[in-house]
Amino acid sequence: MTEKKEEAPQEESSTFVRPPKKKDWRTISIRIGVIAGVTVLVCLFVFRPMVINGESMMPTYSSRGFTFAFLPYFKLYAPQRHQIVILKHAGFNTFLLKRVLAFSGETVEMRNGVLYVNGKALDEPYVKNGCDWNMSRREVPRGKIFVLGDNRSMPMHNHMGGMIDQSRLAGVPIW
Amino acid sequence: MDGLHLSRQKWFALVAVILATAAAVWFFYFRTDDTTAVKKRLREAVEFAEKQPKGSGLNLQGAGAAHALGEFFSTKTDVSISGESRGQTYTLSAETRAQVVSSYFMLRPLLTSLSVSLDEIRVEFLNDDHEAASVNCSAMATGMTQNGDFFREGRLISAEMIYEEGEWRFRSLRADPVVSFD
């Protein structure tokens, strides 16, 4: 009985220091594979990492930054006015970060940098750089939304904004 | 050798099975279906439209590219490419293959480089004979003008292609900005 009691701790310590057996490596590899696969799927279809490059959303987003896009958002919710959204530009690797300002059927107009939606001036506290943009009144066509960036310090023709197909809404930034 | 001594009917059956298997393999693995052919043709057209930054200074290369690009268009076509440049909206349009060639020949020297990537390609055939197809995709054009201005533009392409003279050719082509004020 005494001999057996002495042997027990020796076995325990030896299991701690021994190198992994073949079976353990297989288990570890499978686990790593599963974790990597799940991570890739989550990054592709749920939380997609995005590098922000450009000044059109300053000062809300700096010209260089990083965020994750929550992709299933617009399968669950409709876009809201003033909401910052991520839009498919062309392909699956370039996206636009913009703010939704008007919806299909509404009229938009800009007078001396002030945006009018359905004839009423829109309060946009996030726009810090004033501008003198002018755009005649026009209706947002069916199936489209009207988006702009927060930085309007550049000439209007240098700003990528305006009407875009609602189907190009890809998701929302999570911060 | 005794094992190969088959009756005539069995030989016929064996040959029929081999031929059927070969036909099935060809059909499922090697045959290019019409959708693939249209997509391939579209990508080939883009390759001719692109311009490498280290191109020859001579415009001979441009002439060759323009002529080759023209072959992707039907003799009577309808091309409309609109956009904005320096505050001005413009529309490039062509109604014949010759106009496509000359328009591209004039446009090409204004660019130092041009590369185009196509994505989200959707092909729908307009009839059962698969002789006409509607093609939609998004295109990202990046490049540099001779003034040194870098550009990066996303366009939505909508085209109609027809099978003519043994090739898929554009009967119409529109390239509109993904996002625009109009």
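The values are calculated or read from the model by the stated rules, or taken from the named source; none is laboratory data. Computed from a predicted model, the values in this text were never measured in an experiment. All Cβ positions, even for glycine, are placed from backbone atoms using ideal geometry, and neighbour counts span all protein chains on display.
When B:Ala37, B:Ala45, B:Ala66 are screened for being surrounded by 13 or more Cβ atoms within 10 Å (Cβ to Cβ), touching a helix residue (DSSP H, G or I) at 6+ places or on another chain (Cβ under 6 Å), under 30 Å from B:Ser115 (Cβ atoms) and modelled with pLDDT of 85 or more, only B:Ala66 passes.
Can you name the residue in the stretch A:140-152 that is surrounded by fewer than 18 Cβ atoms within 10 Å (Cβ to Cβ) and away from every other protein chain (no Cβ under 11 Å) and, of all such residues, is nearest to the chain's Cα centre (by Cα)? Break it down into steps so the answer makes sense when it comes.
Of the stretch A:140-152, the ones surrounded by fewer than 18 Cβ atoms within 10 Å (Cβ to Cβ) are A:141-143.
Keeping just the survivors that are away from every other protein chain (no Cβ under 11 Å) gives A:142-143.
On the way: A:Arg142: 25, A:Gly143: 22 Å.
Result: A:Gly143.
Entry remark, the stretch A:149-160: residues being at pLDDT 90 or above and under 20 Å from A:Val85 (Cα atoms) number 4 in total. Sort through B:Leu126, B:Leu110 and tell me the only one that's more than 19 Å from B:Gly64 (Cα to Cα), surrounded by fewer than 20 Cβ atoms within 10 Å (Cβ to Cβ), free of Cβ contacts under 8 Å to residues at least 40 places away in the same chain and among the aliphatic types (A, V, I, L, M). Result of the check over B:Leu126, B:Leu110: B:Leu126.
Reported count of residues in the stretch B:129-170, each being within 18 Å of the chain's Cα centre (by Cα) and free of Cβ contacts under 8 Å to residues at least 12 places away in the same chain, is 2. Could you go through the stretch A:153-170 and let me know if any residue there is within 14 Å of chain B (Cβ to nearest Cβ), assigned to a strand (DSSP E or B), crowded, with 18+ Cβ neighbours inside 10 Å and within 15 Å of the chain's Cα centre (by Cα). Yes, that holds for at least one residue.
Among the residues here, A:Glu124 does not qualify as within 14 Å of chain B (Cβ to nearest Cβ), farther than 26 Å from B:Ala139 by Cα and surrounded by fewer than 20 Cβ atoms within 10 Å (Cβ to Cβ). Cβ separations smaller than 9 Å between residues 6+ apart or across chains give the following pairs from the stretch A:87-98 residues that are more than 7 Å from every other protein chain (Cβ to nearest Cβ) and basic (Lys, Arg) to residues that are surrounded by fewer than 17 Cβ atoms within 10 Å (Cβ to Cβ) and not in a strand (DSSP E or B): A:Lys88/A:Ser167.
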